[in-house]
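The values are calculated or read from the model by the stated rules, or taken from the named source; none is laboratory data. Worth saying up front: this structure is predicted, and the values here are computed from it rather than measured. We place every Cβ from the backbone using ideal geometry, glycine too, and count neighbours over all the protein chains shown.
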Amino acid sequence: MDLYLPFSFTTFALILSFVFLFLTKWKKSKAANKLQKLPPGPMKLPIIGHMHLVSSLAHRSFRDLTKKYGPLIHLKLGETSTIVVSSAEIAKEVLKTQDPTFAARPGTLALEIISYNHTAISFSPYDDYWRQMRRICILELLSAKQVKSFGSIRND
C-alpha cells in the first residue's frame with residue numbers, strides 16, 4: 001500500500017531552498033540598510049521597490065512623498081537606490097559638498113558588460129581613470145586639427 005503525497009520530495013526541496021534563499025537575501029539587505037545612513041522613505045515592495053508609488057507625473061508623486069517624509073527621501077526604484085531632494089538649500093549643499101559621490105552612474109551588470117568592465121568613458125565611474133580618459137579625449141579628439149578635419153561632415 002503506497003502512501004499518496006500531493007508533492008514530491010523534489011518539489012518540497014525546491015520550495016524549501018527558495019524560501020531559504022529569499023530569507024537570507026532579505027536578512028542581508030536588512031543588515032546592509034541598517035549600516036547605511038539613508039534618509040526616511042516609505043516601505044518598499046520586493047523586486048519593484050517604490051516604483052508603484054511613482055506615477056506618469058513623477059514630480060507630483062515626489063511632491064506628495066516629500067510632504068509626508070520630508071525634503072530628503074530615499075526610494076528604491078527596482079534595484080537602484082535613489083535619493084530625492086526637494087529643497088533648494090539641501091540640493092545646493094548636496095551638489096556643492098557631495099558632488100563626487102553623486103557624479104557616477106549606478107553600476108549594473110548590463111553596463112558592465114556593454115562598457116567592457118566600465119572602460120568606456122561614457123559608462124565609467126567618476127574616478128582617476130575617467131579623468132585620464134577625458135583628458136585624452138579632449139587632447140586627441142577635440143583638438144583644433146581634429147575639429148577642422150570633421151568640418152565637411154558638420155557642414156553637410
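Condition check: touching a residue at least 12 places away in the same chain (Cβ under 8 Å), touching a Ser or Thr at 6+ places or on another chain (Cβ under 9 Å), surrounded by 15 or more Cβ atoms within 10 Å (Cβ to Cβ) and small (Gly, Ala, Ser). Does Ser124 satisfy that? Taking the combined requirement at face value, the residue does not satisfy it. Within the stretch 118-130, restricting attention to residues that are not hydroxyl-bearing (Ser, Thr, Tyr) and not in a loop (DSSP other than H, G, I, E, B), the residue that is nearest to the chain's Cα centre (by Cα) is Trp130. Remark: pairs (first residue in the stretch 42-68, in contact (Cβ under 8 Å) with a residue 12 or more places away in the chain; second residue surrounded by 10 or more Cβ atoms within 10 Å (Cβ to Cβ) and among the basic types (Lys, Arg); Cβ separation under 6 Å; 6+ apart in sequence or on different chains) = Lys44/Lys76; Gly49/Lys76; His50/Lys44; His50/Lys76.
Filtered by the rule that a residue be among the basic types (Lys, Arg) and over 17 Å from the mean Cα position of the chain (by Cα), the stretch 91-117 gives Lys92, Lys96.
Of the residues contained in the stretch 56-78, one or more are found to be under 23 Å from Ala91 (Cα atoms), modelled with pLDDT of 85 or more and among the polar types (S, T, N, Q). Counting residues in the stretch 73-92 that are among the basic types (Lys, Arg), under 27 Å from Lys44 (Cα atoms) and in a loop (DSSP other than H, G, I, E, B) gives zero.
Condition check ((1) surrounded by 14 or more Cβ atoms within 10 Å (Cβ to Cβ); (2) in contact (Cβ under 8 Å) with a residue 24 or more places away in the chain; (3) of a type in the set (A, V, I, L, M, F, W, C); (4) farther than 23 Å from Gly49 by Cβ) across all residues:
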site	(1), (2), (3), (4)
Thr80	no, yes, no, no
Ala88	no, no, yes, yes
Lys92	no, no, no, yes
Pro100	no, yes, no, yes
Pro106	no, yes, no, no
Ile136	no, no, yes, yes
Lys145	no, no, no, yes
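Restricting Leu111, Leu141 to those that are loosely packed, with under 11 Cβ neighbours inside 10 Å, over 23 Å from Gly41 (Cα atoms) and outside the structural domain of Met51 (by TED's automatic domain parsing) reduces the list to Leu141.
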